[in-house]
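Read the figures in this text as sums done on the coordinates, not as results from a lab. These numbers were taken from a predicted model, which means no experiment stands behind them. Ideal geometry is used to build each Cβ from the backbone, glycine not excepted, and the neighbour counts take in all protein chains shown.
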Amino acid sequence: MMRNSIFSPKNTGFVTWSWSVCAVLVIFLSTNLGLAQEKENKLQAAFVNVKDVTPSIVLDLRYLSEHNFVGKRINGYHVEKCILTREAAVALRKVQGELVPFNLSLKIYDAYRPQRAVDHFVEWAKNLADTSMKREFYPTVEKKHLFRDGYIASKSSHSRGSTVDLTIVSLPLKPEEKYANGDSLCECTRPAVQRFGDNSLDMGTGYDCFDTLSWTADRNLTENQRANRLLLKTLMEKHGFKNYSKEWWHFTLQDEPFPDTYFDFVIE
C-alpha cells in the first residue's frame, strides 16, 4: 500500500500552505535585498570624485600601481579615481585654496579604500615569506611584527570614506620618478635625494614608511622637514581634519558622516 505523501490528495492543503510560505519568503527576501541595494546606492551617492570638486589637486594613487608595500595593485582599485565623502572633499578644497596662491598643491596618495583592499593587506601581512618591498617600505621592522606594531589592521578609517593620505608639492609640478616592477629599492628613511624620487616637499620619509621617523612629531627631523609637516598639519586641522600621530600623511575629517560604516564598493 502506498503511504501518504505531501503530494497525495489528503495533503493538498499542506502543499498549498507550503507554496504560499515559499512565495511569501521569496517576496520578503526580494524586498529586503532591494531595500539593501537602495540603501547602498544612497550611501554611495554621498561620495564624490575629488577631482570633480577640486580639479587642481594632484593624484599619485599608489594602490592602483605596484609601487606600494605589497608590490602589486591592490584589490578594489580599478581606475585612477580618488573618492571621498562630499564633506571631506569640500574640506580639502579649502586647504587647496590656501596653498595654490603660494604655488603649492596637495597631492593625494590614497583616500576612500574598499574593505577588500584592507583584506588584501591583511592577507599579504600573514605571508611572512613575501618581503619583496621590505627594503623601501619597512626596512627596520620585521614583517611578523606589522600587526603588533599597528602598521596593519583588519579595519581602516579609509573605508569610512573621510580619511585621506596626502602631502604637499610645489607648482609647477616637478617630474616624479617612475617605478616599474623589479626596480631597485631604497630605504624610505633615507634623505630625500637618496630615497624614491617623489616630487613632494621633504617630509622626512617616503609615503607608507613603516618607521618611527614617520611619526608626525618625531624629533629626528631637520628644521625644514619639521616645518613642512607643520604646514600640512596646520592647514588640515584648520579645515576640520585630525592627524594620526604615527603617520604624517594620514588625516581624518573630525565630523565624518559615516563614523561606524566600513564600505566595500570598488573604485571604478
- Burial-style ranking of 254-260, 109-115, 239-245, average other-beta-carbon count within 10 Å with highest first, yields 109-115, 239-245, 254-260
- Note on the structure: In the stretch 76-185, the GluC sites (Glu not before Pro) that sit in a DSSP loop and have at most 12 other Cβ atoms within 10 Å of their own Cβ are Glu80, Glu142, Glu177
- Going fewest to most other Cβ atoms within 10 Å around each Cβ, Phe47, Phe102, Phe210 line up as Phe102, Phe47, Phe210
- In the stretch 95-187, the trypsin sites (Lys or Arg not before Pro) that fall in loop regions by DSSP, at most 10 other Cβ within 10 Å: Arg148, Lys178
- Which net charge results when you count Lys and Arg as +1 and Asp and Glu as -1 among the other residues whose beta-carbon is under 12 Å from that of Asp218? +2
- Query: Which net charge results for the neighbourhood of Leu128, defined as the other residues with beta-carbon distances under 14 angstrom from its beta-carbon, given Lys and Arg at +1 and Asp and Glu at -1?
  - Reply: +2
- Taking the Cβ of Asn181 as the centre, find all other residues whose Cβ is under 12 Å away and add up their charges (Lys, Arg: +1; Asp, Glu: -1). +1
